[in-house]
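**Student:** Just dropping this structure here.
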Amino acid sequence: MWFANLPREISSLVISLLVERGDPSLDQRDNLQYICNARLVCRFWDTLAKAYVFENVRLVYDPEGEYQSWNGMLDSEVVRQAIRRAYIRSAPADDDPQGIWDSYTECGYNGLISDIDRIAELDCIKALHLRFSRHCAGVETDDPRDEVVEDIPRRQEILESVFKAIQRRSSNIIGIRPIHSLTIENLQNAPLPEFTTSELFRSVMKDIDALHLMVAEEYDEAGPDWDTYRIERQVFEPYLHHQWLAPLSDHLVCLTLSFQVGWGTIPGYFDGSGLHFPRLKTLNLGNFVIGHHNQLDWVLAQSSLRSLCLDRCSIVSHITTHRDNLRDWHVQTHDWHEYPLGSFGIDGPYVIYGFSGTWETIFDNICTRLPRLTDFCYHYDHDPVFPVCPGALSVSLTKKRYTTFDDSWHDADEGSGLLDFGDSEWGYPDKRYVNRSAETEIGDGRALDALLQEIRQRQQQQTLMLD
């Protein structure tokens, strides 16, 4: 057969075109129908196709056979050698409360813990993706219902099981290539200092050069305003800095930090000063809210960056909260100007602040202070995309690029840019006071265009150098 006469690398690339890749941000599996059919053609095609059919495997609960599919695959030496990436889903159904672990599926949960250990058998695996349920209960949750949430102890047990399996894999065979990419989706914003200061954590993370985190907040049926007052929202960000990021600073090449809700400014504060990643080439930020003039300086200090994605990131223009929260949350008010009580129709024991930061300044700083940047994305949708696919997100000057805070975050109207604040009423433009995107549109637009033009020029210069 003429196909067999081609160099094996070329034949393998041709066969790989039969795989229809799913969208990882939507938890869609690859369509393997065509490449599976190709396995039936001949032994040579079967050999080539196996590398792609079993490249990505999933440890996911099946009510019919629990984890039979996972164990069946890993019982085969050929399959184990083909696996490059493993996806572990901790709960049967992520967003359906009836599908989360409850008393009727305890045996399934125990099966998950034991089957995670088989990661140690995968000699050629490069990347691992652990996905928890989106719902979680914090230490202050009044009545955590097992059928709705995964609690902190259960999540910690799963995390430790994954790390122990990775550690055992490294110790099984001398010289084995370590797992270098770790993705944790819906990592609860609950500090686990005993875990992150352990030798287990250090031994695994020393080999990780690509870390992707999506952080989840506590599930609260009362509404998003109450979520703001959970203690985790106040303490997790400093913990993230010092116990997740700082220990990895010398070897990280790719980093994603994304939250389900706005983070960085209030009620918790992310101070990235001192974080230096000398090898970092790719940085993705999701739902990061800028509320101080120096808040992005830690990003601008990463001079090695080649790619920067700001996904659903915004600048807060106006903030109001109960006066007691300034003390309880240790709110950083530098760079903010205070409005007199009664402004925007706000009365009572509240404070009212404004922040003058603009995207014009940020875009200009990115352009001048990140000289190696050749890929830039500024994207805004309902939720941040996770995991981020290179080149999949667009760049546009959305009217939602500014936000306000009134014990929860408020998106601007997509069409007009108007923001709710104070006693303004949604749907009544004449009773809404804030439209920061309209005030800054000319400057922001100019700076974004200049940044994109500079990026294109750098890409062209890079292409010429390669030629």
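The values are calculated or read from the model by the stated rules, or taken from the named source; none is laboratory data. Everything quoted here is computed from the prediction, not taken from an experiment. We place every Cβ from the backbone using ideal geometry, glycine too, and count neighbours over all the protein chains shown. Keep in mind that these areas ignore ligands, DNA and RNA; they rest on the heavy atoms of the full protein, side chains included. Shrake-Rupley method; radii C 1.70, N 1.55, O 1.52, S 1.80 Å.
**Student:** Could you give each residue of region 230-243 its phi-based ³J(HN,Hα) in whole Hz, using Karplus coefficients 6.51, -1.76, 1.60 with θ = phi - 60°, and x for Gly or Pro?
**Tutor:** 5, 4, 4, 5, 9, 10, 6, 5, x, 5, 4, 4, 7, 10
**Student:** While we're on this one: Work out, step by step, the length gained on full extension between Gln461 and His322: first 0.36 nm times the residue separation, then minus their alpha carbon distance; give nm to one decimal.
**Tutor:** 44.8 nm
**Student:** Still on this structure, please answer the following. Along the charge dipole of region 313-467, which of Thr398, Ser416, Thr321 sits closest to the positive end, that is, farthest toward it, with unit charges on the beta carbon of Lys, Arg, Asp and Glu (+1, +1, -1, -1)?
**Tutor:** About the Cα centre, the residue reaching furthest to the positive side is Thr398.
**Student:** Principal axes first, then extents: for the Cα atoms of region 316-467, list largest minus smallest coordinate on each axis, whole Å, largest first.
**Tutor:** Sorted from largest, the Cα extents of region 316-467 read 66, 34, 31 Å.
**Student:** Taking K and R as +1 and D and E as -1, what net charge do the other residues with C-beta under 15 Å from the C-beta of Asp271 add up to?
**Tutor:** Around Asp271, the surrounding residues sum to -3.
**Student:** Okay, moving on. Taking amide H positions as placed 1.01 Å from N in the peptide plane, with prolines and chain starts having none, which residues 5 or more places from Gln188, or on another chain, fall under 5 Å of its amide H?
**Tutor:** Ala216
**Student:** Using protein chains only and a probe of 1.4 angstrom, how many square angstrom of Thr228 are accessible, to the nearest 10?
**Tutor:** About 0 Å², rounded to the nearest 10.
**Student:** Tally Lys and Arg at +1 and Asp and Glu at -1 over the other residues with C-beta under 10 Å from the C-beta of Arg80: what net charge comes out?
**Tutor:** -3
**Student:** Near the amide H of Phe270, under 5 Å away, which other amide H atoms are found, from residues 5 or more places off or on another chain, if H is placed in the peptide plane?
**Tutor:** Gly264, Thr265
**Student:** What spacing in nm lies between the two simple spin-label points modelled at Ser343 and Gln167, each 7 Å away from Cα in the Cβ direction?
**Tutor:** 5.3 nm
**Student:** Okay, next question. Quick one: 3J(HN,Hα) in Hz for region 305-319, Karplus 6.51/-1.76/1.60 with θ = phi - 60°, rounded, Gly and Pro as x.
**Tutor:** For region 305-319, the Karplus-derived couplings read 4, 9, 9, 9, 10, 10, 10, 6, 8, 8, 10, 7, 9, 9, 9 Hz, x marking Gly and Pro.
**Student:** Find the accessible area per residue for region 235-287; the probe is 1.4 Å, ligands and nucleic acids are left out, and the unit is Å².
**Tutor:** 29 Å²
**Student:** Which percent of the accessible heavy-atom area of region 277-383 goes to carbon and sulfur, probe 1.4 angstrom?
**Tutor:** 46 percent
**Student:** Output ³J(HN,Hα) for region 404-413: one whole-Hz value per residue in order, computed from phi by the Karplus curve 6.51 cos²θ - 1.76 cosθ + 1.60 with θ = phi - 60°, and x for Gly and Pro.
**Tutor:** The phi angles translate into 10, 10, 9, 6, 7, 8, 10, 7, 6, 5 Hz.
**Student:** Sticking with this structure for a sec: Given H placed on each backbone N at 1.01 Å, which residues far from Trp336 in sequence or on other chains put an amide H within less than 5 Å of it?
**Tutor:** Here nothing satisfies the definition.
**Student:** Ordering Arg369, Arg155 by how much accessible area each has at a 1.4 Å probe, largest first, what is the list?
**Tutor:** I get Arg369, Arg155, largest accessible area first.
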